[in-house]
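Written out below as structure tokens is the structure these notes cover.
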Amino acid sequence: NLREETRKGFYGRIKQGLYPLPAPLGYLDKGKGQLKEPDPLRALLIRKCFELYGSGRYSLESLSEEMYKLGLRNRNGNWVSVNGFSVILNNPFYIGLIRLRRSGETFSGNHQPLLSKSLFDRVQNILRGKTHAGSIVHDFRFRRMFTCKHCGYSLIGEIQKGYTYYRCHTKN
């Protein structure tokens, strides 16, 4: 009976738009029965985290390094792990929704969202691999200056282990 009453209270809070669990990174707990409020320090960094990852130029590892340089720390004051960033980037709490992982249910929250739905969806598409970031165009210093002795075509530059090598890309 106690389990059922606890569950009923838990779902009652969620249906009111309140989040009865600890606030995610970027929000502050204000006490029982209170809305989660954006953390004045971390909320801007969480938004920046989504914007950087949404640009398509960062992996989770490079995002972790960049956000550490910008000053984002976990609750213990340590480095936010790659897994921690995965949890943050997949959490719909930042757009005003409350999702229960165990049941998969989603509820509307009354807390102030940090992100727009379009930015969150763009990040989700990048995480799922549904976007193409585009190819990297290298501007090599000696591009189109050397030609192959045998075929006469320009040598193509490529980077191998940090060094630039020029070679002919024809079959022969």
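The values are calculated or read from the model by the stated rules, or taken from the named source; none is laboratory data. Note that the structure is a prediction, hence the values are computed from the model and not measured. Reconstructed Cβ throughout: ideal geometry from the backbone, glycine too, with neighbour counts over all protein chains shown. The accessibility values were calculated without ligands, DNA or RNA, using every heavy atom of the protein model including side chains. Shrake-Rupley method; radii C 1.70, N 1.55, O 1.52, S 1.80 Å.
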(message) Taking 30 Å as R0, compute the FRET efficiency from the Cβ-Cβ separation of Leu44 and Arg128 and round it to 0.05.
(response) 0.70
(request) With an 8 Å cut-off on Cα pairs and a minimum separation of 6 or more residues, tell me the relative contact order of the chain in percent. (result) 17 percent
(request) Enter the angle in degrees (range 0 to 90, nearest 10) between the Cα long axis of helix 2-15 and the first principal axis of the Cα atoms of the chain, meaning the one along which they spread out most. (result) 60 degrees
(message) Please list, by residue number, every one of the trypsin sites (Lys or Arg not before Pro) in the stretch 10-43 that is coil in DSSP and has at most 13 other beta-carbon atoms within 10 Å.
(response) Lys30, Lys32
(message) Can you sort Asp121, Asp139, Asp39 by solvent-accessible area, 1.4 Å probe, largest first?
(response) Asp139, Asp121, Asp39
(request) Quantify, in whole percent, the carbon and sulfur part of the accessible surface of the chain (1.4 Å probe; protein heavy atoms only). (result) 49 percent
(message) Suppose all protein chains stay in the model; what accessible area per residue would a 1.4 Å probe give for the stretch 1-143, in Å²?
(response) 66 Å²
(message) Need one number: nm distance between label points at Asn1 and Ser154, each 7 Å from Cα along Cα→Cβ, rounded to one decimal.
(response) 8.3 nm
(request) Could you point to the label whose value was computed as Cα Rg over 2.2 N^0.38 Å for the structure here, given (1) 1.54; (2) 1.67; (3) 0.98? (result) (1)
(request) Measure off 7 Å from each Cα along the Cα-to-Cβ vector at Leu70 and Arg13, then give the distance between these two points in nanometres to one decimal. (result) 3.0 nm
(message) Among Gln160, Gln112, Ile95, which residue has its Cα furthest toward the positive end of the charge dipole of the chain, with +1 on Lys/Arg Cβ and -1 on Asp/Glu Cβ?
(response) Gln160
(request) With runs of 4+ DSSP H residues as the only contributors, calculate the mean residue ellipticity of the chain at 222 nm using -39,500 (n - 2.57) per run, divided by the residue total and rounded to the nearest 500. (result) -10500 deg cm²/dmol
